[in-house]
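Let me begin by presenting the structure, written as structure tokens, before commenting on it.
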Amino acid sequence: MIADSYADAELLPATRRALLHRLATGQSEGRAPSMVGAVVRDGRLVWSSGRGELPAGAGERAEDVQYRIGSITKSLVAVLVMRLRDEGLLDLEDRLGAHLDTPAGGDATIAQLLSHTSGLAAEARGPWWERTDGSLRPELGDVFGDHPQLHTPGRLHHYSNPGYALLGALVERIRGENWYEVLCREVLGPLGMDRTTLGPVAPHAEGWAVHPWADVLLPEPAVDTGRMAPAGQLWSTAADLSRFAAFLLNGDDRVLAATTLAEMRAPEGGPKDQGWTTGYGLGLQVINRDGRTLVGHTGTMPGFVAMLLISPQDGLAGVALANRTSCFEACAVAADLLTTVADLEPRIPAPWRPLTEAKDEHVELTGPWYWGAAAFTLRLEAGGVLELSPLGTSGRASRFRPEPDGTWTGLDGYYAGETLTAVRSTAGGRVSHLDLGTFVFTREPYEAGGAVPGGVDAGGWRTRGTAETEADTAADAEG
């Protein structure tokens with residue numbers, strides 16, 4: 001959890017100076033009336049600052065100034081949906097129409113709505129929904145235009161704001177109360193996010209547009225978006241978003257377990273190639289930046305831009321908020337605040353300690369294994385988890401969770417969801433081989449003994465000279 005006393009001194013002076021410089025540069029070059037930034041390390045807000053004209057009453061606590069956070073709202077709604085899944089009230093592969101009477105999107109699964117692969121249109125019916133009152137769309141059917149379904153569900157990623165209006169309605173349908181009331185009780189309250197609200201509560205920033213060719217401002221409207229609220233209505237602070245970032249990093253059993261959050265962080269469909277840069281999980285954006293995987297969400301509303309990013313490998317999060325329309329510099333600032341700390345003060349590994357418990361039959365499986373002639377190793381981790389790693393520059397790695405029946409289930413990578421079985425020659429005897437989704441791993445490369453599908457040539461491994469002699473013999477026989 002976020003500590004209530006902020007520990008700026010935990011960062012080195014040079015690091016704090018670099019963070020302040022990046023925030024100041026972002027506010028100046030982004031021409032934002034104000035900008036607030038924050039950094040979370042190992043679950044604690046360790047740095048925050050503000051630049052520009054902050055509202056009266058903010059004092060020296062820029063992290064408590066409210067800004068509109070736009071689509072970061074979607075990540076909070078996704079947490080509510082995942083809670084329903086974890087409680088067994090729905091399945092991610094359920095069609096939305098099985099739970100909610102909806103004029104559009106009913107054929108999409110809940111997972112597709114969470115990951116923006118439902119095929120629904122990007123925007124709501126009527127005039128620009130972010131700048132017009134929600135009373136123009138009083139009912140769920142009023143959210144959709146004449147062509148709400150643009151693509152076949154599951155076919156491709158197409159960002160959909162109305163899709164999250166449907167998810168908010170789904171929460172209301174199952175819980176029997178307004179989605180925001182559910183959010184307050186189930187997420188905001190437990191995480192201590194008492195400055196995250198539907199409307200602005202002082203001290204809060206005013207939303208502005210900045211003229212592209214002159215340093216003059218135009219106020220932006222801050223409307224109640226009604227049915228579209230689950231797509232981007234909320235206001236929050238850098239301190240509250242830091243609490244949410246700590247939750248996304250570590251989980252909180254009062255809200256969601258760490259394993260569920262890891263599921264949300266995984267890109268749906270997976271990266272397409274080695275050079276992938278962006279993806280989308282279950283309510284969370286995933287970014288590959290300079291070899292570091294960052295997870296979070298951006299948010300834009302008229303007059304405001306927000307960005308929250310976490311790096312699970314570094315135990316870090318960066319937050320940036322600005323009160324200017326389309327100030328995308330704030331997005332870069334959030335990422336740069338995080339990487340600045342990661343680069344200047346890299347994470348110190350926890351001390352190595354031996355396992356407190358390890359079963360002999362699990363230790364027995366560790367060491368080298370071979371899929372055909374490809375070498376791998378199995379290592380035992382806490383809780384009986386097995387980690388499969390290739391010995392070389394290529395090969396499929398994965399981690400496996402032990403199951404009550406004595407098998408293991410893949411947690412990630414190519415083998416996610418696949419079953420790993422240790423096959424024994426006799427009951428209680430030695431392990432003959434591993435069966436991983438029909439792939440056989442043996443203790444020796446192409447080990448004889450009948451375990452390898454298709455069998456192993458009885459002549460065994462050959463030198464080149466032996467192979468040439470056999471080839472000549474075969475050619476003479478054919479002649």
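Counting only DSSP beta bridges with both residues in the chain, tell me the antiparallel percent, nearest 5.
Antiparallel: roughly 95 percent of the beta bridges in the chain.
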If you count, for each residue, the other Cβ atoms within 10 Å and average over each peptide, how do 452-459, 338-345, 408-415, 423-430 line up from highest to lowest?
338-345, 408-415, 452-459, 423-430
Show that you can apply the helix-only estimate: for the chain, add -39,500 (n - 2.57) for every DSSP H stretch of four or more residues, divide by all residues, and state [θ] at 222 nm to the nearest 500.
-7000 deg cm²/dmol
Computed magnitude of the charge dipole of the chain (debye, nearest 20; Cβ of K, R +1, Cβ of D, E -1)
900
From the backbone phi of the range 58-70, what are the Karplus-calculated ³J(HN,Hα) couplings (6.51 cos²θ - 1.76 cosθ + 1.60, θ = phi - 60°) in whole Hz, Gly and Pro given as x?
6, x, 9, 9, 4, 5, 9, 7, 7, 10, 6, 10, x
For Asn288 and Asp457, FRET efficiency with R0 = 41 Å and r from the beta-carbon atoms, rounded to 0.05?
0.40
For the range 352-363, Karplus couplings with θ = phi - 60° (6.51, -1.76, 1.60), whole Hz, Gly/Pro x:
5, 9, x, 4, 7, 8, 8, 7, 4, 5, 7, 4
Two-site FRET efficiency, Ile348 against Arg254, from Cβ-Cβ distance with R₀ of 25 Å, rounded to 0.05:
0.30
Residues meeting the amide H criterion for Tyr280 (H placed from the backbone, H to H distance under 5 Å, 5 or more places apart or on another chain) are Glu268, Val286
Modelled label-to-label distance, Glu93 and Arg464, 7 Å Cα→beta-carbon offset: nm?
5.1
Counting Lys and Arg as +1 and Asp and Glu as -1, each charge on the Cβ, what is the dipole of the range 350-394 about the Cα centre in debye, to the nearest 20?
160
Rh (Kirkwood, all Cα-Cα pairs) for the range 107-227, Å, reads 16.6
Taking 7 Å along the Cα-to-C-beta vector as the label spot, tell me the Leu217-Ala202 distance in nanometres, rounded to one decimal.
1.6
Any residue on another chain or 5+ positions along whose placed amide H is under 5 Å from the amide H of Val255 is listed here as none
Report the extension gain between Leu150 and Glu10 in nm, rounded to one decimal, defined as 0.36 nm multiplied by the number of residues separating them, less their alpha carbon distance.
45.3 nm
Where in the chain are the DSSP H helices whose C-alpha atoms run 15 Å or more along the long axis and whose mean Kyte hydropathy is at least 1.6?
none
Spin-label pair Ala358/Ser425, simplified geometry with 7 Å Cα→Cβ offset, distance in nm:
2.4
On alpha carbon coordinates alone, what is the Rg over Rh value for the chain, Rh being the Kirkwood radius?
1.07
Ordered by packing density, taken as the mean number of other Cβ atoms within 10 Å over each peptide's residues, highest first, how do 248-261, 364-377 rank?
248-261, 364-377
How would you order 44-54, 237-247, 293-303 from highest to lowest mean count of nearby Cβ atoms within 10 Å?
237-247, 293-303, 44-54
Extended-chain gain in nm, criterion 0.36 nm per residue less alpha-carbon gap, Ala382 and Asp42:
120.3 nm
Averaging 1/r across every pair of distinct alpha carbons in the range 323-452 and inverting yields a Kirkwood hydrodynamic radius, in angstrom, of 17.5
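Just so you know, all these numbers are worked out from the coordinates, no wet-lab data involved. Everything numeric in this text was worked out from a predicted model, so none of it was measured. Every residue, glycine as well, gets a Cβ built from its backbone with ideal geometry; the counts of neighbours run over all protein chains shown.
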